[in-house]
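What follows is a short report on a single structure.
The values are calculated or read from the model by the stated rules, or taken from the named source; none is laboratory data. Keep in mind the model is a prediction, meaning the values are calculated, not measured. Quick reminder, even Gly has a Cβ in these numbers, built from the backbone with ideal geometry, and neighbours come from all protein chains shown.
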Amino acid sequence: MKTKPNSAPAPALPSANPPRRVSQRELFWIFLKAGLAFGGGLGILAVLEEEFVTRRQAISREEFLTYYGIGRIVPSGTMTALAVAYGYRLGGFWGTVIALTAMVIPAFVITVLLTMFYAVFKTTNLLDWLNVSVLPAALAMILAAALKLGRDIFRPSPELVLGAAAFAAVYFFDLNPALVLLAGGVLGILLLRGSPAEAES
Amino acid sequence: MSLLHLIFLIFSFNLITFGNGPGMIPLLQEALVDQSGVLSIDQLLYAFAIARLTPGQANVYVASVGYFLFGIAGAVLATLVIQLPGYMMLPFMKFYERARSMAWIGRFTRGLTVASVGLIFAATLSIGLRTLTGPITWVVFAAALVMMIFLKRSQMLSLLLACLLGILLKALLPS
């Protein structure tokens, strides 16, 4: 869509720095890798953070977290919503199809295979082995990604207080995540100074 | 129960639980096991166990429910239909891209992202408490974390080595 990459930022690519382009093939492989991650949605999130934010810098951390927040509010699986968001952001409509398809292939194939052999697997203790290998390792990956995503919040600041309050609201008080996010946004309007990227430019 | 009926049920259950895999279980049980009896409770529990065994999204186990009732066509359609609500992102993104230069939207999204970090940590902690259930799980978790963060080994290699360590420990240690 974008013919002159050096002209003023086009609406489809609205980040502060001109992002590195991600080809459709790369998009497919990245989402396939994400779909292979254990640990549910957070495992997928950890792979996407590593590939898009840390390694390729195709999406800023701020934008990555914004889409995550919107994805939690939309009544859809969060990772489904994120595949649509990042797929669209990096590859337009076909990007969404590629991202969704690639992400779901591993889970789909394994699920159907395990169902076909229902009678056989019902009696095995496969889960016991996963419990001591893949799942705790995936947890480490998830924690590492969470620490990276929260990097610019971990210093004495209003942000830290707001983030901690959101954590407590969901973890201890079991409040609805979508409501907590909306409340976070409203408190942001009242208390915060906008994103660091926008403060610089 | 027709295939169309099943797909409609899965679509609406997925929508009202915001795509939360475990959240759909009681609804599926009510509709497929208790009311119409087309699925046994064992099959539903097996489908749910699959959700923990498989990588990827936690709600793809509906493919298993689809497969039990209508074979591969049921599996494909069930998977397809839980992906569709993701497209509700597009109008939100369009609005965000148009409005992000406005100062108050910048502050709103800043608050949103900060709260997102809080939510990610809350989810990480609850997954952590479910995952770290014994000494071996702690060792594997710590080993993967140290290799990844402190030794800066490649993520894939760190995870693989930590997995092997866990399998080795479980095989060698008497349980």
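Quick notes
- Taken together, the residues in the range A:123-168 that are farther than 28 Å from B:Ile167 by Cβ, free of Cβ contacts under 8 Å to residues at least 40 places away in the same chain and of a type in the set (A, V, I, L, M, F, W, C) amount to 10.
- Pick from the range B:97-121, criterion in contact with a helix residue (DSSP H, G or I) (Cβ under 7 Å, 6 or more places away or on another chain) and more than 7 Å from chain A (Cβ to nearest Cβ), ranking: surrounded by the most Cβ atoms within 10 Å (Cβ to Cβ): B:Ile105
- Selection from the range B:126-151 of residues that are of a type in the set (Gly, Ala, Ser) and either in contact with a Pro (Cβ under 6 Å, 6 or more places away or on another chain) or in a helix (DSSP H, G or I) (or both): B:Ser126, B:Gly128, B:Ala142, B:Ala143, B:Ala144
- Number of the exception - A:Phe173 against (1) at the interface with chain B (Cβ under 7 Å from one of its Cβ atoms); (2) surrounded by fewer than 18 Cβ atoms within 10 Å (Cβ to Cβ); (3) not aliphatic (A, V, I, L, M): (1)
- Within the range A:123-159, being surrounded by 12 or more Cβ atoms within 10 Å (Cβ to Cβ), charged (D, E, K, R) and over 17 Å from B:Leu125 (Cβ atoms) holds for A:Asp152, A:Glu159.
- Pairs where the first residue, in the range A:74-103, is among the charged types (D, E, K, R) and the second is modelled with pLDDT of 95 or more, C-beta under 8 Å, 6+ apart: A:Arg89/A:Gly95
- Hey, A:Ala145 assigned to a helix (DSSP H, G or I), within 7 Å of chain B (Cβ to nearest Cβ) and under 25 Å from A:Ala34 (Cβ atoms) or not: no
- Some residue of the range B:145-158 being at pLDDT 90 or above, more than 7 Å from every other protein chain (Cβ to nearest Cβ) and under 26 Å from the mean Cα position of the chain (by Cα): yes
- For first residues located in the range A:46-63 and at pLDDT 90 or above, partners that are among the aromatic types (Phe, Trp, Tyr) and lie 6+ apart or on another chain with Cβ distances below 7 Å form the pairs A:Leu48/A:Tyr86; A:Glu49/A:Phe64; A:Phe52/A:Phe64; A:Phe52/A:Tyr86; A:Val53/A:Phe64; A:Ala58/A:Phe52; A:Ile59/A:Phe52; A:Ile59/A:Tyr86.
- Check on B:Thr124, over 18 Å from A:Leu42 (Cα atoms) and of a type in the set (S, T, N, Q): no
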